[in-house]
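Read the structure below first, then the notes.
A short reminder: the numbers here are calculations on the coordinates, not readings from a lab. This one's a predicted model, so the numbers in the text were calculated from it and none came from an experiment. In this analysis, Cβ positions are derived from the backbone assuming ideal geometry, glycine residues included, and neighbour counts consider all displayed protein chains.
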C-alpha cells in the first residue's frame, strides 16, 4: 500500500527545496516520506483511515484478480483479513515497484499464497466488488472514518 501525504487528498507534489511551508519555514532539509501506508489503520486519523481503507479496497480487488484469492464478502470487517491483505499488498508492491529484486523472495510470496488464501476464506459469499461496495462504505462510516471533502 502506497500513499503520498503532501496534501489532504493524498495527491500533490513534495515541496521544493527553498520553498516555505505555511509557517514561513524553508524546506531546506526536506526528506520525502517513505510513501508507504502503515500496515494497520488503527493509529490513523479518521480521514487517513478512510484513505487507507480505500487503498486497501483497490489493492484487494487487484490481488483477488491477480492471485485468484478466495476473498469473501465482508473481509473489511475481519481485522485478521484486513491485516493479511495490507501485508500482502505491501509485499507485492515492493516487488512491482522494483524496490525488491529478489527472485527467491518472490517465489516465497507465490508459495505462501496458499496459506494466505486460508486466512481469507472466512465467510460464505464470495467477494464481488460491484455488489459489496455499498456495504464497505457503510462500514467505513460506522467505524468513524471520515471521507475526504466533497464525498
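Rounded if a/c is under 1.5, else prolate if a/b beats b/c, else oblate: with a ≥ b ≥ c from the C-alpha gyration tensor eigenvalues square-rooted, which is the range 92-151? Oblate, since a/c reaches 1.5 and b/c is not below a/b. Going by neighbour counts of Cβ atoms within 10 Å, the residues 96, 132 line up, fewest first, as 96, 132. For the listed peptides 74-86, 110-122, a ranking on the average number of other beta carbons within 10 Å per residue, highest first, reads 74-86, 110-122.
With Cα atoms defining each centre, the range 134-149 and the range 37-53 are spaced 12 Å apart in the structure.
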